[in-house]
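Report on one structure; see the data block that follows.
The values are calculated or read from the model by the stated rules, or taken from the named source; none is laboratory data. This one's a predicted model, so the numbers in the text were calculated from it and none came from an experiment. Cβ placement follows ideal geometry from the backbone for every residue including glycine, while neighbour counts extend to all protein chains displayed.
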Amino acid sequence: MKKNVVMILILMACLITLDSYSQWTWTPQTGRFINIKRMPKETAELQVEYARSLFLQGDLKKALKETEKFINFYGQDPLADQNLFLRGEIKMAMGKWLESAKEFQKLVSNYPDSKLYEQAIKKQYEIGDKLYEKGLKKRSKWFSIFKGKPLKQAIEVYSMVVNNQPFMPGAAEAQYKIGLCHQARKEYIEATYEYRRVIENYSQSDWVDDARYSLAKCYYDSSLKPIYDQSRAELAVDAIDEFIRNFPEDSRCAELKEWRSKMRENIAEQKMIVARFYEKQREFDSARIYYQLVATKYSDTSFAEKANRWLEENPAKTSELRAQFEQETSKQ
């Protein structure tokens, strides 16, 4: 029994060896054995067409291997840009979107005069959109591993588009979507920076209104509770005022005005908190400055009435206090 097992193993080893050896052929031209399976087609054109045919048949893995053969044997051929474009398409079909974008980037970087240059950038934009949509779906789920990864990859791909064609109309949209990706990841500082780039670098584009709206929303969403610093709320108010001034007929103005009211309420409340703090510390002069500030500068808020009531009950006794108030409020 043991002899039979040994004989079977020896036979299998021989068959494997013979099969492996059959892939190698002696070539007098090179004076050595060559593995036939690793050899490309006779010409660069035949090689890229063979890889394309496999791609169209749906044999993606084999098609990708054939494009690698092209790189190894015909890397400097004039058809190299077509091979790179094909590699991008194959990886895109595989769902390897970031790798695909990088293949298209190799074409753009190495072959700027290629007829496929514009198509490669369009493919990158398409990949960026796919990654963005995937990222939004992941973030909407209650539990998902690496929620922010697709959005981070989308930022990388959109950045390729902007850098490749910074002065073309499509660059403004790509720049805007970089901001959207950061905003979806709650990276508000980065998002506001990207939106401002749209406003400043593409001021004549159709994306300025969306960028200004999203800028205001970033400041609004990232604003803090009244007990904390209200600088973001103040920036939100400024951004909203800028939007309404530039696009008074926009349908989003009504929503923005609601945000503005809420932000001013928060700012006024924060000033009142400071005023009450000074009042508890019996520093009435300092308290009066903040109550006066709420009463005058934030008269449209619900806290103005409370501030006015306190001022009536605690009138200033000297002109020096008024001078001090005017000096302090001019700094606000």
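Numerical summary
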{"quantity": "Of all residues in segment 151-186 being among the polar types (S, T, N, Q) and crowded, with 19+ Cβ neighbours inside 10 Å, the one that is farthest from the chain's Cα centre (by Cα)", "calculated": "N164"}
{"quantity": "Given (1) within 24 Å of the chain's Cα centre (by Cα); (2) at negative phi; (3) surrounded by fewer than 17 Cβ atoms within 10 Å (Cβ to Cβ), number of the condition G95 does not satisfy", "calculated": "(2)"}
{"quantity": "Residue that is surrounded by the most Cβ atoms within 10 Å (Cβ to Cβ), among those in segment 246-256 that are of a type outside the set (A, V, I, L, M, F, W, C) and assigned to a helix (DSSP H, G or I)", "calculated": "E255"}
{"quantity": "Residue that is surrounded by the most Cβ atoms within 10 Å (Cβ to Cβ), among those in segment 187-208 that are over 19 Å from N163 (Cα atoms) and among the acidic types (D, E)", "calculated": "E187"}
{"quantity": "Residue in segment 222-245 that is under 24 Å from P150 (Cα atoms) and either part of a helix (DSSP H, G or I) or not assigned by TED's automatic domain parsing to the domain that holds A295 (or both) present", "calculated": "yes"}
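Residues are listed down the side, and each one gets a yes or a no for (1) farther than 22 Å from V108 by Cβ; (2) touching a helix residue (DSSP H, G or I) at 6+ places or on another chain (Cβ under 7 Å); (3) at pLDDT 95 or above:
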position	(1), (2), (3)
M1	yes, no, no
Y21	yes, no, no
T30	yes, no, no
K37	yes, no, no
L60	yes, yes, yes
F73	yes, no, no
L86	no, yes, yes
G95	no, no, yes
